[in-house]
Amino acid sequence: MVAAKKIISVVGARPHFIKAAPLIAELNKAGKEVLTIHTGQHYDVNMSDIFFRQLKMERADINLGVGSGSHAEQTASVLNSIEPILRAEDPEAVIVYGDTNSTLAAALAAAKLYIPLVHIEAGVRCGNRRMPEEINRKAIDHMSDYLVCPSELAVSHLEREGIVDGVLNLGDFMYDTYAVASELVESESIMPASFSVAPGQKFALCTLHREATTSDPQKLNELLNYLGNQSVHVVLPMHPRTSAVLSAANFSCGSRGSLSVLEPLGYLEMMFLLSKASLVLTDSGGLQKEAYWAGVPCITLMDETTWTETIDAGWNVLTGLDQDRISAAIASFEDGSLGGGRKRPDVYGKPGSAARLCSLMGWV
Ligand code: UD1
């Protein structure tokens, strides 16, 4: 009897772990053999191991250990290391997630070996070609065989680029993970050791890590000074990229004024803080959606977003890094014109995306 082929799931960065977790759980349940390859793009315990533990995923079978580097170095390194593995394993399919350099490299390697390629979070666009992730998204979608979209809008982006075959709108995979976590975090035991929340305490949860936010250390430092001068207490678990940029320019990575800086947090601690936060300030894509699901108004510190549905619903606003625009957005949060208990339609579907994919692919 010929052995059934494996499915290969390629992860490497924080957002991948969150998207992969529900799918790996479904595949395990169905008894499908999965080989997990971790590219090693994220390697600190708080950026990687903690997510595997909290999301109840087994350690990756293979870690490519590519680490940090320029876009070219990171992409080339994953491409070089993963190709022989894909060739040797000859899997039934390769699954990739999101828009990082790891995703692009794994997709390219699989596509060139004619291995069926499944892209989770396909069709997502922000329209800014100067963002590395936007370049990655476009390239990955044009190579993929199965384009698993989180929303109708994502399907329409693909249609506009002439991609209609293999397109599936199954809802957002992060919603599956969020739905499980939002119940778990009701327990105070998930409170991060570095920041305790007193009953009724109001604070804004902030994240900053994008290349556009961190490339100029002077501007980044000014932004932190601004955040430390707000009437609302701002809590910032700091991404290592952000602290590396500040330290290299001899700026402080510590708390200042009303800004509390924490170490990067695990997924559950992050969702715990989100559940207690009054407001989110972020340049992360995933946190904009998580804020929407949690019913927390969001100020997005970018000039564009991939998650425009949250803006249309009145729960998110774009400010870029302009302090006047951020202040105006904080005022709109305070007067209830941002968020303010509006309806939150199910623009990203309902939890259950991973089960829907497994059933459509015949993996159950
Ligand atoms: C990457 C993704 C981004 C995603 C983000 C999630 C690309 C182009 N970008 O950005 O889309 O939103 O992951 O976090 O792939 N570092 C550490 N320890 C780690 C990981 C990173 O110290 O475990 C530091 C290093 O200084 C590194 C820097 O962070 O140079 C940037 O890391 P990198 O993986 O290149 O990009 P991210 O900013 O994490």
| Looking only at the stretch 57-80, which residues are open to solvent by 30 Å² or more (accessible area, probe 1.4 Å) and either out of contact with any strand residue (DSSP E or B) (no Cβ under 9 Å at 6 or more places or on another chain) or of a type in the set (Lys, Arg) (or both)? | Arg59, Ser68, Gly69, Ser70, His71, Ala72, Glu73, Ala76, Ser77, Leu79, Asn80
| Near pairs, Cβ below 8 angstrom, 6+ apart or cross-chain, from the stretch 48-76 (closer than 20 Å to Glu33 by Cα) to any residue that is of a type in the set (Asp, Glu) and open to solvent by 50 Å² or more (accessible area, probe 1.4 Å) | Phe52/Glu58
| note | Counting only residues in the stretch 161-202 that are among the charged types (D, E, K, R) and within 24 Å of the chain's Cα centre (by Cα), the one surrounded by the most Cβ atoms within 10 Å (Cβ to Cβ) is identified as Asp172
| said: When the residues of the stretch 242-295 are narrowed to those that are surrounded by fewer than 16 Cβ atoms within 10 Å (Cβ to Cβ) and touching a residue at least 40 places away in the same chain (Cβ under 8 Å), which ends up nearest to the ligand (Cβ to nearest atom)? | reply: Glu263
| Gly127 vs. criteria crowded, with 18+ Cβ neighbours inside 10 Å, in a loop (DSSP other than H, G, I, E, B) and within 19 Å of the chain's Cα centre (by Cα) | no
| message | Residue pairs, Cβ under 6 Å, 6 or more apart or interchain, first in the stretch 201-219 and more than 15 Å from the ligand (Cβ to nearest atom), second open to solvent by 10 Å² or more (accessible area, probe 1.4 Å) and assigned to a strand (DSSP E or B). List them. | response | none
| Subset tally (residues that are within 16 Å of the ligand (Cβ to nearest atom) and not in a helix (DSSP H, G or I)) for the stretch 130-153 | 3
| said: Name the single residue that is surrounded by the most Cβ atoms within 10 Å (Cβ to Cβ) among those in the stretch 313-343 being over 25 Å from Asn221 (Cα atoms) and touching a helix residue (DSSP H, G or I) at 6+ places or on another chain (Cβ under 6 Å). | reply: Trp315
| Residues in the stretch 321-328: is at least one assigned to a loop (DSSP other than H, G, I, E, B), without any contact (Cβ under 8 Å) to a residue 12 or more places away in the chain and closer than 30 Å to Lys5 by Cβ? | no
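Table: residues versus (1) assigned to a helix (DSSP H, G or I); (2) touching a strand residue (DSSP E or B) at 6+ places or on another chain (Cβ under 8 Å).
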{"site": "Lys202", "(1), (2)": "no, no"}
{"site": "Lys219", "(1), (2)": "yes, no"}
{"site": "Tyr226", "(1), (2)": "yes, no"}
{"site": "Val235", "(1), (2)": "no, yes"}
{"site": "Ser252", "(1), (2)": "no, no"}
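The values are calculated or read from the model by the stated rules, or taken from the named source; none is laboratory data. Just so you know, these numbers come straight off a predicted model, no measurement behind them. Because the Cβ atoms are built from the backbone with ideal geometry, glycine has one as well, and the counts that use them run over all protein chains shown. To get the accessible areas, we keep the full protein, side chains included, count just its heavy atoms, and leave off ligands, DNA and RNA. Shrake-Rupley method; radii C 1.70, N 1.55, O 1.52, S 1.80 Å.
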